[in-house]
1. Would you say B:GLY218 is modelled with pLDDT of 95 or more and open to solvent by less than 30 Å² (accessible area, probe 1.4 Å)?
2. Please work out which residue is farthest from the other protein chains (Cβ to nearest Cβ), limiting yourself to the range B:126-157 and to residues that are assigned to a helix (DSSP H, G or I) and more than 8 Å from the chain's Cα centre (by Cα).
3. What number of residues within the range B:306-324 satisfy the criterion of being over 24 Å from B:HIS388 (Cβ atoms) and either open to solvent by 60 Å² or more (accessible area, probe 1.4 Å) or more than 26 Å from the chain's Cα centre (by Cα) (or both)?
4. Scanning for something in a loop (DSSP other than H, G, I, E, B) and either among the charged types (D, E, K, R) or under 25 Å from B:THR297 (Cα atoms) (or both), does the range B:342-355 turn up at least one residue?
5. Across the range B:111-124, which residue is nearest to the other protein chains (Cβ to nearest Cβ) among those that are touching a residue at least 40 places away in the same chain (Cβ under 8 Å) and surrounded by fewer than 24 Cβ atoms within 10 Å (Cβ to Cβ)?
6. Please count how many residues of the range A:86-102 are touching a helix residue (DSSP H, G or I) at 6+ places or on another chain (Cβ under 6 Å) and either away from chain B (no Cβ under 11 Å) or not small (Gly, Ala, Ser) (or both).
7. For the range A:59-89, what are the residues that are of a type in the set (A, V, I, L, M, F, W, C) and without any contact (Cβ under 8 Å) to a residue 24 or more places away in the chain?
8. Restricting to the range B:268-282, name every residue that is touching a residue at least 40 places away in the same chain (Cβ under 8 Å) and within 13 Å of chain A (Cβ to nearest Cβ).
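The values are calculated or read from the model by the stated rules, or taken from the named source; none is laboratory data. Predicted model only: the values in this text are computed from it and were never measured. Every residue, glycine as well, gets a Cβ built from its backbone with ideal geometry; the counts of neighbours run over all protein chains shown. Note: accessible area is taken over every heavy atom of the protein model, side chains too, but ligands, DNA and RNA are not part of it. Shrake-Rupley method; radii C 1.70, N 1.55, O 1.52, S 1.80 Å.
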Amino acid sequence: MKSMLKNTIAALILMMVSVPALAGIDVIVSAHSNASSMSKDDVSALYLGRTQNLPGGGKAKLYDLPDGNAGRDAFYTAATGKSASQVKAVWSRLVFSGRAVPPTEVHDDAAMVKAVAADPQAVGYVASGAANGSVKVVAHLP
Amino acid sequence: MSKFALRPALLALSLSAAFSAHAADNDFSYRFSGFGTLGYAQTDSNDVLMTNGSQLKGADKSGSFLLDSRLGGQLDLTFNPRLSATVQAIALQDAKGKFRPRLEWAFVRYNLTNDVSVRVGQLGWPAYLVSDFRYVGYANNWLRPPLEVYNLAALDNFQGADVDWTHSVGSGYLTLKVLGGHAENDLPDSSNHSAKLRVNSLMGAYATYEIGNLRMRGGISTGKVSYTTQTLDGLYAGLDFTGFGDVTHKLALRNSRTNFASIGATYDANNVMITGEYADRRSSSLLLGHSHGWYVTGGYRFGNVMPYVTYAGYYKRNDSNEASVPMVGPLVPLSVGVQGLVQQDSQHDVALGARWDLHSNIALKAQVDHVMPSVYGGTFTNVQPGYHGQAVNVYSAVVDFVF
């Protein structure tokens, strides 16, 4: 019993360590987008509202997972190094200074792929592996 | 809200409605956002009154909910990638001591290119680092922006236009803004008829540079400022009547050239937050004279809790050698009145506080200020006779939210 518990804990720790390392996050644009690749700084600048210009031309239309979603928190930590509440404060500054409207929320990765595929100006993110041929992966965040 | 101020707002709205007729339906979107603060403040002194900005009522030993409490709403209309409109209203305590809504912004924005945008209507005056979101408690780390700096310019918005140019420079983003217009604001007045501040020929230029976790901005505005209030008009009449018209001329804000310069920076990384700002106000009128204020705030995040400390200062130059009335016989009241307006004033403040991010859109904050004003009361109002500049402690707590 004791050793089983130990094994379970060991397995859990292994999972916690290995899962994020295996998974990561893919930043995606439509297959018809002019953007071909983005640096982490490009992604961070867009999602912290510092620029609205899409690399490759035009104005970016951002998509986000819902508030409190683990994938969203992981994305912001990986792309910007900021916590969910810090990002919320950043966007409240942008919104209430009339400078930008926040990203459009979609409820999961499948909806994200669908929304991004439909708009050449769209940018979104999904767990690695969730993208399909309708979108291009322009950045990978570990 | 005067008709005068409403007109550009209505123009902006009707302009946006006219443009919208041409916008493709699938491009149109709108978004409503709200923010608010429920706040309480109390001090340990009945000698002076603590207010936050252009307010009549405030806190002393009997606390007040009217300093920091407010409720705001904003509607953003996006007609197409080039054209959008924004309207924001905030309810807070005004210059007459009433808690009621006022129109903060109403503007149309047109993106000429990806880098250049033009706004027309009633716009926020970007005098400070946090001007655009001064009243959005959630967006700020402190409980309230330090009054030593944020009380220097009693103006939040103007009617006119501005142009923004944003460009990537190095690995950061540079935004240059120029603005022009005019402004009007009610200020509290002891006579209970609120005073009026008017700025004509307002022009300004501001630069912001954001790189990584660092944001720096600075700039200058200039305008011709007029200030009318029954209390001062009485004093001026007395001065003119007794042959001291030159003193009135030096004191009165009557289309007086006034410059306001400010520079500030914020570094907000994972755990460390440092921000500081300096502002300087110079006017040809000795009533405003030459003042400056500054603050430095440092904070450190422990998970969802961020304690912070602020040190702030304010100084107004002594102009009593420039304008004075002899302290003799019937002139004594005039002499005292003038002296009170041109004396040196100053204040220092050490504040300790903490922000706790309770939920993804709710923050709790508590702050204790140890304020050391001059005998003239610094940023406090209603200074009672016999006050000798004793330190005042201010205890405040707020709940900030956005929705």
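1. Values: modelled with pLDDT of 95 or more: yes; open to solvent by less than 30 Å² (accessible area, probe 1.4 Å): yes.
Here the answer is yes, as B:GLY218 does meet what is asked.
2. Applying the filter and picking the extreme gives B:GLU148.
3. Selection size over the range B:306-324: 3.
4. No, because not a single residue in the range B:342-355 is in a loop (DSSP other than H, G, I, E, B) and either among the charged types (D, E, K, R) or under 25 Å from B:THR297 (Cα atoms) (or both).
5. Residue satisfying both the conditions and the ranking: B:ASP115.
6. Total satisfying the criteria: 4.
7. Result: A:ALA70, A:ALA84, A:ALA89.
8. Those that are touching a residue at least 40 places away in the same chain (Cβ under 8 Å) and within 13 Å of chain A (Cβ to nearest Cβ): B:ASP268, B:ALA269, B:MET273, B:THR275.
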